Amino acid sequence: MKLIQELYGNGLISEEKKSELESQIARTGVTEEEIILKNKIVEEDFLFKLKSKILKKPLLKPKAEEISLDALELISEEAAINYKMIPLFKKGNSVGIGMVYPENILAQNALRFLSHKENFIYEIYLINFSDFNNILKQHKTLKRETKKALTQLDKEKEEDIGRLPQQDAISLKMIDDAPIIKMVLVILRHAIEGNASDIHIEPNREKLNIRFRQDGVLHLSLFLPLSVHLSIVARIKILANLKIDENRIPQDGRFSIKINNKDVDFRVATFPTLWGEKVELRVLDPLEGLKSFDKMGLRPRSLELIQNAIKSPYGLVLSSGPTGSGKTTTLYSFLRTLNKEGVNIVTIEDPIEYSIDGVNQSQVKPDIGYGFSEALRQILRQDPNIIMVGEIRDEETANLVIHSALTGHIVLSTIHTNSASGVIPRLIDMGIRPFLIPSTLKVAISQRLVRALCEHCKKKVKANDRAKNYILENLKNISPLIKKELEIPEPLYVYEVNGCELCNFKGYRGRVGLYEVLSMTEELSDTILKSPIENLILKIAQKQGMLTMAQEGIIKVFAGQTTIDEVIRVTQEI
Ligand SMILES: [Zn+2]
């Protein structure tokens, strides 16, 4: 009776209460913890902190959604319930086990046995009842739904044998099946709750792999039998309005679905593979994607330049960067700021990534001759105030975009270049006459996404030679305007990844943007007219206070938001 004794010793219960609790335990045979909570003597958190102190075992507050399914698979549901223990995380063959009763000898024996059988080593953490139950619930739902779907499908297959000679075609009934619908929902929900950005559904010779990508890294997560492959793919195709019977060519689509009371958009792409169709789903969380742009991690100077640009009555704002750098998301943030009553906003996109209330969004269809330039021509007749054009891909679109900006519209678009200063030569390459650029282009942004360090476990270390050289190389000859912001710490330190249970031992959690923001000025106009060479443009922009991508990155390294490795990785991307 250690806990009751401790509560009594601390004066939290009377001697009378103490013996009452003890007799309840003797009568009912339940544990001390349960009796204390049932009688509402102290809060659960308090009780487990106390227990952690007595047992000298660390107390962990895991989040159910951060627990990977392949770790959960290590302990059967029965054993988990019986011994109140559950795997929390896995790193190689080392597993963290959460236990409500780490002192229980039977549970310890069971765990030892399992670790031999499944060949893993483990570390034990104390967890409380609520956390245990939450994790178990997630574990159970996924397993139950999967099993139900499988049994149902097996049954139907038997029924169908009499009717269909071959199981090649998918009967509509199979797709309408509640278990399949539920299973797809379980997969989608798991992705959202685990903060995954992509879901890959890939068949191979033996199994159907369902993998979830978090922070740009793929994690193996769930295996299903191949027998559910066709119906899962069919269900997703129905959601995304794709042709169910077409499995020889890739298809693209999108759909929106309510998950945990929030509308979430998904982009879908299918590809034929040797083992059947593969499906990739990109999660387009509207709340995440449409973050207001003062929360994007822009420096105050860049923020001000952009705010001024999009508030002007007309002009062009261009965002550039490689695929996956978030350049479209940036434009969406601007649109959200500009989206007010009385303002007519029209977009031309390929594909439409997020739906925004109050904005007229249209999808181009190049295969039927409705490309960006055709769409733009048609849209100009609707007299919009603000136009977003998904991407400037060709000369015709480039010309129309410039023309629209000149005729009193705010135009937002993306263009494929590596740097902000490269945007101007790129426009000229696309046939835009240099003298048109200073009067239209207000701001050119280039951006990259780097992985953000886990706040919980990052390590401050002395910079090694590689980091030191990179920093010094990129910070020489900087303009006095930005010297203040870029003070080199003495001694020179950086942050490194470490890894903890909170970040699944990756050392990174989430992502953060790096932005180069170039703004049009008199001096720059002169250069564009005389000799619009990228290097010259860059020099002038830097003199005016623009930071390069590498310098932006170094600021975020000093601030402990990311690592030198991440900055080097993205600044070398093309
Ligand atoms: Zn961490």
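The values are calculated or read from the model by the stated rules, or taken from the named source; none is laboratory data. Quick caveat, the model's predicted, so the values are computed rather than measured. Cβ placement follows ideal geometry from the backbone for every residue including glycine, while neighbour counts extend to all protein chains displayed.
Determine if region 475-484 includes at least one residue that is in contact with a strand residue (DSSP E or B) (Cβ under 7 Å, 6 or more places away or on another chain) and aliphatic (A, V, I, L, M). So that I can check it myself, show each step before the final result.
Step one: list which residues in region 475-484 are in contact with a strand residue (DSSP E or B) (Cβ under 7 Å, 6 or more places away or on another chain), which gives none.
Taking every residue of region 475-484 in turn, none turns out to be in contact with a strand residue (DSSP E or B) (Cβ under 7 Å, 6 or more places away or on another chain) and aliphatic (A, V, I, L, M).
Only one of these is modelled with pLDDT of 95 or more and not small (Gly, Ala, Ser): Leu376, Leu412, Leu400. Name it.
Criteria check complete, one pass: Leu412.
For region 203-266, which fully contained strands (runs of 3 or more DSSP E) count at least 1 residues that are at pLDDT 85 or above?
207-214, 251-259
Tell me the residue from Leu111, Leu55, Leu47 that is surrounded by fewer than 20 Cβ atoms within 10 Å (Cβ to Cβ) and either modelled with pLDDT of 90 or more or farther than 26 Å from Glu34 by Cα (or both), please.
Matching residue, one of Leu111, Leu55, Leu47: Leu55.
Can you pull out every residue in region 33-61 that is in contact (Cβ under 8 Å) with a residue 60 or more places away in the chain and in contact with a strand residue (DSSP E or B) (Cβ under 8 Å, 6 or more places away or on another chain)?
Phe48, Lys51, Ser52, Leu55, Lys57, Pro58, Leu59, Leu60
If you take the residues in region 267-283 that are surrounded by 21 or more Cβ atoms within 10 Å (Cβ to Cβ) and within 15 Å of the chain's Cα centre (by Cα), which one is modelled with the highest pLDDT?
Taking the candidates together, the pick is Leu281.
So, in region 448-467, how many residues would count as being away from the ligand (no atom under 12 Å from the Cβ) and farther than 21 Å from Val570 by Cα?
Here the count works out to 3.
Could you please find all residues in region 344-396 being part of a strand (DSSP E or B) and surrounded by 18 or more Cβ atoms within 10 Å (Cβ to Cβ)?
Within region 344-396, Ile345, Val346, Thr347, Ile348, Glu349, Ile386, Ile387, Met388, Val389 meet the criteria.
Here are the criteria: (1) basic (Lys, Arg); (2) loosely packed, with under 11 Cβ neighbours inside 10 Å; (3) touching a Phe, Trp or Tyr at 6+ places or on another chain (Cβ under 8 Å). Tell me which single one Arg27 does not satisfy.
With (1) basic (Lys, Arg); (2) loosely packed, with under 11 Cβ neighbours inside 10 Å; (3) touching a Phe, Trp or Tyr at 6+ places or on another chain (Cβ under 8 Å) applied to Arg27, the lone miss is (3).
Say we look at region 457-489 and pick out the residues that are among the β-branched types (Val, Ile, Thr) and closer than 11 Å to Gln551 by Cβ; which of these is surrounded by the most Cβ atoms within 10 Å (Cβ to Cβ)? Explain how you work it out, then say what you get.
Our first condition is that a residue be among the β-branched types (Val, Ile, Thr); within region 457-489, this holds for 461, 471, 478, 482, 488.
If we keep only those that are closer than 11 Å to Gln551 by Cβ too, we end up with 471, 478, 482.
On the way: Ile471: 24, Ile478: 17, Ile482: 19.
For region 457-489, the residue satisfying everything is Ile471.
Residues Asn474, Asn504: which one is under 30 Å from Val95 (Cβ atoms) and in contact with a helix residue (DSSP H, G or I) (Cβ under 8 Å, 6 or more places away or on another chain)? Explain how you work it out, then say what you get.
Working: Asn474 fails: under 30 Å from Val95 (Cβ atoms).
Matching residue, one of Asn474, Asn504: Asn504.
Scan region 77-103 and report the pairs whose first residue is outside any strand (DSSP E or B) and whose second residue is β-branched (Val, Ile, Thr), with Cβ atoms within less than 6 Å and a gap of 6+ or a chain change.
Filtered contacts from region 77-103: Ala80/Ile86; Lys84/Val100; Pro102/Ile124.
If you go through region 78-92 one residue at a time, do you hit one that is over 30 Å from the mean Cα position of the chain (by Cα), modelled with pLDDT of 90 or more and either among the acidic types (Asp, Glu) or closer than 20 Å to Glu193 by Cα (or both)?
no
Of (1) in contact with a Leu (Cβ under 9 Å, 6 or more places away or on another chain); (2) more than 14 Å from Leu126 (Cα to Cα), Phe113 satisfies all except one. Which?
The one condition Phe113 does not meet is (1).
Can you spot a residue in region 507-514 that is touching a residue at least 60 places away in the same chain (Cβ under 8 Å) and away from the ligand (no atom under 16 Å from the Cβ)?
Start the filter on region 507-514 by keeping residues that are touching a residue at least 60 places away in the same chain (Cβ under 8 Å), which leaves 508-514.
Checking which are away from the ligand (no atom under 16 Å from the Cβ) leaves us with 513-514.
Yes, region 507-514 has at least one match.
For (1) surrounded by 15 or more Cβ atoms within 10 Å (Cβ to Cβ); (2) in contact with a Leu (Cβ under 8 Å, 6 or more places away or on another chain); (3) not assigned by TED's automatic domain parsing to the domain that holds Glu193, each residue gets a yes or a no:
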position: Gly9; (1), (2), (3): no, no, yes
position: Lys17; (1), (2), (3): yes, no, yes
position: Lys38; (1), (2), (3): no, no, yes
position: Ile86; (1), (2), (3): yes, yes, yes
position: Ser94; (1), (2), (3): no, no, yes
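This table checks each residue for (1) in a helix (DSSP H, G or I); (2) closer than 16 Å to Glu473 by Cβ; (3) free of Cβ contacts under 8 Å to residues at least 24 places away in the same chain; (4) of a type in the set (Phe, Trp, Tyr).
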| position | (1), (2), (3), (4) |
| --- | --- |
| Ile537 | yes, no, no, no |
| Met546 | no, no, no, no |
| Ile554 | yes, yes, no, no |
| Val557 | yes, yes, no, no |
| Thr562 | no, no, no, no |
| Val567 | yes, yes, no, no |
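In this structure, is His416 within 16 Å of the ligand (Cβ to nearest atom) and within 27 Å of Ser197 (Cα to Cα)?
It is false that His416 is within 16 Å of the ligand (Cβ to nearest atom) and within 27 Å of Ser197 (Cα to Cα).
Being surrounded by fewer than 18 Cβ atoms within 10 Å (Cβ to Cβ), touching a residue at least 40 places away in the same chain (Cβ under 8 Å) and more than 27 Å from Gln572 (Cα to Cα) is the filter here, so list the residues in region 419-437 that pass it.
Selection gives Pro434, Phe435.
Identify, from the list Ile537, Ile528, the residue that is more than 16 Å from the ligand (Cβ to nearest atom) and either small (Gly, Ala, Ser) or in contact with a Ser or Thr (Cβ under 8 Å, 6 or more places away or on another chain) (or both). Lay out the reasoning, then the answer.
Numbers: Ile528 fails: either small (Gly, Ala, Ser) or in contact with a Ser or Thr (Cβ under 8 Å, 6 or more places away or on another chain) (or both).
One residue alone meets the criteria, Ile537.
Quick one: what pairs do we get from region 124-147, first residue of a type in the set (S, T, N, Q) and at pLDDT 80 or above, second buried (at least 19 other Cβ atoms within 10 Å of the Cβ) and not in a helix (DSSP H, G or I), C-beta under 8 Å, 6+ apart or different chains?
Taking only residues 6 or more apart or on different chains, the pairs are Asn128/Val100.
Conditions tested, residue by residue: (1) touching a Cys at 6+ places or on another chain (Cβ under 8 Å); (2) within 11 Å of the ligand (Cβ to nearest atom); (3) closer than 30 Å to Ala196 by Cα; (4) of a type in the set (A, V, I, L, M, F, W, C).
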site: Asn469; (1), (2), (3), (4): no, no, no, no
site: Asn474; (1), (2), (3), (4): no, no, no, no
site: Asn477; (1), (2), (3), (4): no, no, no, no
site: Lys483; (1), (2), (3), (4): no, no, no, no
site: Leu492; (1), (2), (3), (4): no, no, no, yes
site: Asn498; (1), (2), (3), (4): yes, yes, yes, no
site: Asn504; (1), (2), (3), (4): no, yes, yes, no
